[in-house]
Amino acid sequence: MAHLVRVGFGWVVVVAVLSACGDGDAGRPRTACEMTLEAMGIGYAPAEPQAGVAEPVDVTVPIAGIAYRGIDGLRETFFMDCPLAVALGRAASVFSDHEVVEVADFGVYNYRCIGEGTPPDCPMGISQHAFARAIDVAALVTADGTSFSVNDDWVIDPDPEATCEALTEGAADTFLHAVSCDLHAAGVFNLILTPNYNDEHRNHWHCDLTPDVLAIL
Ligand SMILES: [Zn+2]
C-alpha cells in the first residue's frame, strides 16, 4: 500500500509495510476449538480479550440454524467462550428435532460470582457466566410461531422427583421438559439448572459447562 505524503515542496512516496498476520483475524493462530467451529460450519470471529474468558469469540447468529433473541432483539453476533459456541452448535440439532427455530436468552457473559459479587472473592464459587461458558434460556419459539416460556409454562415438579422423571402438566410443560431433558441426554451442556432448582431460576434454564458434572436439576 503506497501513500503520497507532502514534504516541503515535493512529494515522496511512503510505502507502508503491513505487518504479517497470523491465521486468525486477531493475528494469532486458531485454537483447536475454533477449528472445531469451522468444521461444524459455525461462523465466528476472534474477539477482544475479556476478564475470565479463555477463548473469546464473536459467533455469527443464527448458530447452526437457531436464532437467538436477547433483551434488545435478535442477535447478529454473540460473544462467548469458544467451547460454549461448540455446545450451542450441538444443541442446535436437539432444538431442530423439536422444531425450535429461535431461543430467547438472558445472556452469556457476566463477570460475577455464583449468587452475588465480583471474582475472585466468591464464597460460593465463580459463575460459569464469568467464563462466558453459560447461557440463560428464557423461551423457545417453534417454526409455527409458538413461544414456550420457562417462566410461564414450566410447572415446578414436586421436590423429590428428578426433573426428567417427573410427570408433566399440559403440552407446554411437557414440551419444555422434553427439550431440556434431550439437551441433558445429549450431553450438550454439563449442568442445566431449571426452575426446579431454586427461585433464582424460576424464569430461565441456566445451561453451562461446569467441569466434572453431568446433571439437570
Ligand atoms: Zn445463568
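Here are the numbers for the structure shown:
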read-out	value
Choice from ALA91, ALA47, ALA39 with maximal GNM fluctuation in the chain (Cα, 10 Å cutoff)	ALA39
³J(HN,Hα) computed for each position of segment 74-84 - Karplus, 6.51 cos²θ - 1.76 cosθ + 1.60, integer Hz, glycine/proline x	4, 7, 9, 9, 9, 7, 6, 6, 3, x, 5
Among THR163, THR118, THR194: highest mean-square fluctuation, GNM of the chain, C-alpha pairs under 10 Å	THR118
Charge sum, other residues only, whose C-beta stays under 13 Å from GLU102's C-beta, Lys/Arg counted +1 and Asp/Glu -1	-1
Assigned charges on the beta-carbon of Lys, Arg, Asp, Glu; the chain dipole about Cα centre (debye)	1240 debye
Relative pair counts by distance (%), Cα atoms of segment 92-217, 10 Å bins	13, 44, 32, 9, 0
Whole-Hz ³J(HN,Hα) from phi, Karplus 6.51 cos²θ - 1.76 cosθ + 1.60, for segment 150-159, glycine and proline x	4, 5, 8, 10, 7, 9, 5, 7, x, 3
Net charge of Cβ neighbours under 14 Å - reference CYS122; Lys, Arg +1; Asp, Glu -1	-1
Length-normalised contact order of the chain in % [C-alpha pairs under 8 Å, at least 6 apart]	14 percent
Loop chymotrypsin sites (Phe, Trp or Tyr not before Pro), segment 153-211, which have at most 15 other Cβ atoms in a 10 Å radius of their Cβ (DSSP)	none
Rg/Rg_globular for the chain, with Rg_globular taken as 2.2 N^0.38 Å and Rg from C-alpha atoms	1.27
Acute angle (nearest 10 degrees) that the helix 170-185 long axis makes with the longest principal axis of the chain, alpha-carbon atoms	60 degrees
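Taken together, the values in this text are just the output of simple stated rules run on the coordinates, not laboratory data. Fair warning: this is a prediction, and the values are worked out from it, not measured in the lab. Neighbour counts are summed over all protein chains in view; Cβ atoms, including those assigned to glycine, are modelled from backbone coordinates with ideal geometry.
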